[in-house]
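Colleague: Starting off with a structure, shown below.
Every number here is computed from the coordinates shown, using simple stated rules; none is lab data. Just so it is clear, the model here is predicted, and its values are computed rather than measured. Heads up, the Cβs are rebuilt from the backbone with ideal geometry, glycines too, and the neighbour counts pull from every protein chain shown.
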Amino acid sequence: EEILSQPDTWAETLAYLEKDWKSGLPDVGAYDEVILSGCGSTYYLSIWAARLLQRKTGVTCIPVPGSEIWYSGEDWIHPDRKTLFIAISRSGLTTETLHALDYFLKAGQGDALAVTCYGDSPLAKSAPKAVITSAGMENSVAQTRSFTNMMWALMRLANGDIPSGLPAQVSQVGKQLLANYQSTSREIGANLEIERFFFLGDGPLYGLALEVMLKMKEMSLSYSEAYHFLEFRHGPMSVINDHSLVVGLANPQQAAYEMPVLQQMRELGARTLAVGGLTETPAAADTFYRLDGSLPYDWSFATYLPLIQLIAFERSLAKGLNPDKPENLTAVVEL
Ligand code: F1P
């Protein structure tokens, strides 16, 4: 339910951002740098957002795991730089992220912003400013709906004003994608011949490749890795075999660089899945999830995720596991 309800919650979050996040929206260009911090999924969200924010604003944006700032904050927080510190946490409870924010508030110069789904959380309360994407609240341990809803806040920060009509459009596009390809995700997820999963993405899509790599581990306890497309050829492809699935999160502008990597992996025996707003079905893809090309690329990122989250969910069920409760993991990691 949390995966499938995402399109409706996206419209809700965008409406909230449009209405309530006009004042208090930081002017990223006024800072020397932006540091984004989180743990697990929200660290990967930081990697995605940093890459997008840096491209859109020209300001240096650095993603850092919360633990790095907690234990060695002096390596990252420089009191002589005007920094925008963005602490991201679904729960707003994670120990390392709270410590990282605390370190910045004591040692840094600039402003801090929390991005979370829970307005009454310690993170939201201790940050001077917070954006609360409560439409993403969820019960599952693995983040799905929460992740994509927090993404909209960061797209708003990077991309500027929300285009009129976008909330209805993303909701409609998301539903159509699920209608078109949900059964294919079920088929791939149920295919237990696949033993190894590889997720490839460049630019901001690298952060999303990391996130779906984590979903596959958390929900279905499967071997999965994430790389940049061309990086994959520098060693990691040694482990490709004919029980591998290589998923390419494709940037429509970079197909000429990315699709040959998928083609090469296919020749080595892997099954390939391409996801993106490419106009033509890529010849390198055994399966193609065509994202709606009418959405501007910089506003399209959330649409890459639900169908891949569903593969992890379906695989979990096929293996007789509980996708909502990964082994050895709790919804909040507190030390
Ligand atoms: C961070 C996190 C999640 C992970 C699991 C445990 O939580 O590591 O990424 O999937 O839920 O917690 P948060 O700080 O974003 O709440």
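Colleague: Looking at the chain, send over the antiparallel percent of its DSSP beta bridges, to the nearest 5.
Modeller: Antiparallel: roughly 0 percent of the beta bridges in the chain.
Colleague: Could you identify which residue out of 13, 97, 184 has the top mean-square fluctuation in a GNM of the chain using Cα springs shorter than 10 Å?
Modeller: Comparing 13, 97, 184 in a Gaussian network model of the chain, the most mobile one is 184.
Colleague: What are the ³J(HN,Hα) couplings of the stretch 282-288, residue after residue, when phi is run through the Karplus curve with 6.51, -1.76, 1.60 and θ = phi - 60°? Round to Hz, x for glycine and proline.
Modeller: Once rounded to whole Hz, the list reads x, 4, 6, 9, 5, 10, 9.
Colleague: Please identify which residues in the stretch 164-182 have an amide N closer than 13 Å to a label point set 7 Å out from the Cα of residue 294, following the Cα→Cβ vector.
Modeller: Counting only backbone N, you get 165-177.
Colleague: Also, I was wondering about something else. What is the list of residues in the stretch 94-128 whose amide nitrogen lies under 17 Å from a point 7 angstrom out from the Cα of residue 82, following Cα to Cβ?
Modeller: 108-113
Colleague: Identify all lysines with a Cα-Cα distance to residue 106 below 23 Å; exclude those on the same chain that are fewer than 8 residues away in sequence.
Modeller: Output for residue 106: 82, 125, 129.
Colleague: Take every Cα pair under 8 Å in the stretch 166-318 that's 6+ residues apart, average their separations, divide by the length, and report that relative contact order as a whole percent.
Modeller: Numbers: 267 pairs, mean separation 45.0, N = 153.
In percent, rounded to a whole number, it is 29.
Colleague: Please give the per residue volume of the convex hull enclosing the alpha carbon atoms of the chain, rounded to a whole number of Å³.
Modeller: Spelled out: Cα convex hull of the chain, divided by residues, is 125 Å³.
Colleague: Rounded to whole Å and sorted largest first, list the principal axis extents of the Cα atoms in the stretch 166-318.
Modeller: That works out to 43, 36, 24 Å along the principal axes.
Colleague: What whole-number distance in Å separates the alpha-carbon centres of the stretch 63-134 and the stretch 317-335?
Modeller: Using only Cα atoms, the two centres lie 26 Å from each other.
Colleague: Give the residue from 48, 297, 98 lying farthest towards the positive end of the charge dipole for the chain; charges sit on Cβ (+1 for Lys and Arg, -1 for Asp and Glu) and the dipole is referred to the Cα centre.
Modeller: 297
Colleague: Once fully extended, how much extra length lies between residue 243 and residue 325, figured as 0.36 nm per residue of separation less the alpha-carbon to alpha-carbon distance?
Modeller: Computed gain between residue 243 and residue 325 is 26.9 nm.
Colleague: What lysines sit close enough to residue 325 to cross-link, taking a C-alpha to C-alpha distance under 16 Å and skipping anything fewer than 8 places away on the same chain?
Modeller: Counting by Cα, and skipping residues close in sequence, residue 325 has these lysines nearby: 215, 217.
Colleague: As I understand it, the dipole of the stretch 160-236 uses +1 on the Cβ of Lys and Arg and -1 on the Cβ of Asp and Glu, about the Cα centre. Which of 213, 200, 170 lies farthest toward its positive end?
Modeller: 170
Colleague: Could I ask something else about it? Please list the non-local residues whose amide H lies under 5 Å from the amide H of residue 226, H modeled 1.01 Å from N, same-chain partners needing a gap of 5 or more.
Modeller: 199
Colleague: Okay, next question. Once the dipole of the chain is set up with Lys and Arg at +1 and Asp and Glu at -1 on Cβ about the Cα centre, which of 147, 134, 10 lies farthest towards its positive end?
Modeller: It is 10, whose Cα lies furthest towards the positive end.
Colleague: Any idea what % of Cα-Cα pairs in the stretch 1-119 are farther than 20 Å?
Modeller: 44
Colleague: Could you list which residues have their amide H under 5 Å from that of residue 110, counting only those 5 or more apart in sequence or on another chain, with H placed in the peptide plane?
Modeller: 83
Colleague: Under 5 Å between amide H atoms, partner at least 5 residues away or on a different chain: which partners does residue 36 have, H built in plane at 1.01 Å?
Modeller: 62, 64, 86
Colleague: Tell me, what are the semi-axes, in whole angstrom and largest first, of the equivalent ellipsoid of the stretch 235-335 as set by the roots of 5 times the Cα gyration tensor eigenvalues?
Modeller: Values: eigenvalues 146, 81, 33 Å².
Rounded to whole Å, the semi-axes are 27, 20, 13.
Colleague: How large is ³J(HN,Hα), in whole Hz, for each residue of the stretch 89-100 in order, when computed from phi with the Karplus curve 6.51 cos²θ - 1.76 cosθ + 1.60 and θ = phi - 60°, using x for Gly and Pro?
Modeller: Each residue's phi maps through the Karplus curve to give 7, 3, 7, x, 10, 5, 3, 4, 5, 5, 5, 4 Hz.
Colleague: Looking at the stretch 80-133, which chymotrypsin sites (Phe, Trp or Tyr not before Pro) are DSSP coil and have at most 12 other C-beta atoms within 10 Å of their C-beta?
Modeller: Sites meeting the loop and neighbour criteria: none at all.
Colleague: Also, I was wondering about something else. 7 Å from Cα along Cα→Cβ at both residue 164 and residue 134: what's the point-to-point distance in nm?
Modeller: 2.9
Colleague: While we're here: Quick one: Karplus J couplings for the stretch 265-275, per residue in order, coefficients 6.51, -1.76, 1.60, θ = phi - 60°, nearest Hz, x for Gly and Pro?
Modeller: 5, 5, 5, 7, x, 6, 7, 10, 10, 9, 10
Colleague: Work out how much length residue 317 to residue 283 would gain on full extension: take 0.36 nm times their residue separation and subtract the Cα-Cα distance, in nm to one decimal. Please list the in-between numbers first.
Modeller: Working: separation 34, 0.36 × 34 = 12.24 nm, distance 3.07 nm.
Separation in residues times 0.36 nm, less the Cα-Cα distance, equals 9.2 nm.
Colleague: Can you give the helix-only mean residue ellipticity at 222 nm for the chain, where every DSSP H stretch with n ≥ 4 adds -39500 (n - 2.57) and the sum goes over all residues, rounded to the nearest 500 deg cm²/dmol?
Modeller: -13500 deg cm²/dmol
Colleague: Rounding to the nearest 20 debye, state how big the charge dipole of the stretch 193-329 is about its Cα centre with +1 on each Lys and Arg Cβ and -1 on each Asp and Glu Cβ.
Modeller: 180
Colleague: Just the ratio, please: alpha-carbon radius of gyration of the stretch 276-317 over 2.2 N^0.38 Å, N its number of residues.
Modeller: For the stretch 276-317, the normalised Cα radius of gyration is 1.31.
Colleague: Over the chain, what is the relative contact order in percent, taking alpha-carbon pairs closer than 8 angstrom and at least six residues apart?
Modeller: The normalised contact order for the chain reaches 18 percent.
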